[in-house]
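The structure appears right after this line, and notes come after that.
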Amino acid sequence: MACRLIINADDFGLTLGVNRAIGQLHKATALTSATLMATGQAFEDAVVIAKSNPSLGIGCHVVLTDGVPVSRPESIPTLLGSDGKSFRPSLIAFINALLRGKINEGEIEREAVAQIRKLQNAGIDVTHVDTHKHTHLFPAVARPLLRALDRTGVTSIRNPFEPPFTQKLAHARFKRHLQLSLLNRLKPAFNQQREIHDNLIATTDGTVGVSATGNLNSDTLSQILAVLPDTGIFELVCHPGYNDADLDRITTRLRAHREIEMHALLSVVPLRNAQPNAPELIHYGSLRLLPHAGNRH
């Protein structure tokens with residue numbers, strides 16, 4: 001089987017500029033998939049773009065930190081920060097509470113279902129889910145998230161672990177390498193989740209570009225695409241967008257780099273597509289048609 005690649009933009013619905021970049025990239029055959037934030041300020045605009053681009057796979061970017069919930073706050077108290085209305089503002093605070101057993105898995109499931117159903121109620125065929133900040137690396141998030149997929153009929157999930165052939169490229173700083181090395185110890189637990197192990201939920205062989213977040217320029221992207229193996233199914237994660245006034249009003253560490261990523265995708269991906277033995281570009285909806293895509297470990 002030839003290598004297949006999903007090119008997915010996170011943060012669809014964050015701003016109008018992020019949405020515009022995603023639409024332009026898909027039309028330029030430089031993007032196949034995007035994950036939509038249920039409470040993003042530009043949610044309605046993203047739905048319009050999604051419906052006008054039916055070949056763009058649309059997943060749900062489940063947010064459990066640094067955002068606001070879809071559920072009534074009183075129904076998910078352990079997910080909320082000190083204001084009792086929004087999620088904990090930092091990933092570190094979320095992980096600390098998670099590892100101390102302060103977050104109820106049932107509330108994660110409830111909120112994930114609410115976010116997925118908001119997309120479905122808007123007429124979106126949700127191809128898959130991933131999580132903001134890759135929180136489903138942790139079993140205590142992966143378990144309830146997989147239950148939410150079962151309840152909502154979604155059949156695919158991001159494999160949040162980066163394979164060694166891109167993780168070891170020079171684009172990632174030492175601290176990032178160390179973080180990913182530690183987090184990769186959670187990979188066996190993800191693979192042994194019943195829904196993954198028994199092929200009930202489809203996934204990929206890994207997600208490339210995680211170590212390049214904040215450094216995904218043309219050179220880095222070319223390096224990543226050059227080392228993709230001849231076989232397998234992988235996802236390239238990216239965060240393109242326009243660095244505009246709307247983005248200035250958003251809490252995000254990715255600002256100017258969103259435009260760098262956008263231009264890198266526009267310049268590198270079409271050129272790679274025209275070369276011999278280019279990976280087949282697909283989105284997560286295609287995994288429904290592929291045999292054994294549910295068990296990639």
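The values are calculated or read from the model by the stated rules, or taken from the named source; none is laboratory data. These numbers come from a predicted model, not from an experiment. Reconstructed Cβ throughout: ideal geometry from the backbone, glycine too, with neighbour counts over all protein chains shown.
Below, the figures for the structure above:
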{"quantity": "All positions within the stretch 76-92 that are modelled with pLDDT of 95 or more and surrounded by 13 or more Cβ atoms within 10 Å (Cβ to Cβ)", "calculated": "76, 78, 79, 80, 81, 86, 87, 88"}
{"quantity": "Sole residue being over 14 Å from the mean Cα position of the chain (by Cα) and closer than 16 Å to residue 31 by Cα, chosen from 199, 217", "calculated": "217"}
{"quantity": "Residue within the stretch 56-74 that is more than 19 Å from the chain's Cα centre (by Cα), modelled with pLDDT of 95 or more and of a type in the set (A, V, I, L, M, F, W, C) present", "calculated": "no"}
{"quantity": "Test result for residue 124, over 17 Å from the mean Cα position of the chain (by Cα), assigned to a loop (DSSP other than H, G, I, E, B), surrounded by 18 or more Cβ atoms within 10 Å (Cβ to Cβ) and of a type outside the set (Gly, Ala, Ser)", "calculated": "no"}
{"quantity": "Contacts under 6 angstrom Cβ, first residue in the stretch 157-168 being β-branched (Val, Ile, Thr), partner part of a loop (DSSP other than H, G, I, E, B), 6 or more apart", "calculated": "157/201; 157/203"}
{"quantity": "Long-range neighbours under 8 Å by Cβ, at least six apart or interchain, first residue within 19 Å of residue 72 (Cα to Cα) within the stretch 88-114, second surrounded by 17 or more Cβ atoms within 10 Å (Cβ to Cβ) and acidic (Asp, Glu)", "calculated": "88/66; 89/66"}
{"quantity": "Residue in the stretch 237-252 that is under 21 Å from residue 165 (Cβ atoms) and modelled with pLDDT of 95 or more present", "calculated": "yes"}
{"quantity": "Hits in the stretch 8-26 (condition: surrounded by fewer than 24 Cβ atoms within 10 Å (Cβ to Cβ) and charged (D, E, K, R))", "calculated": "20"}
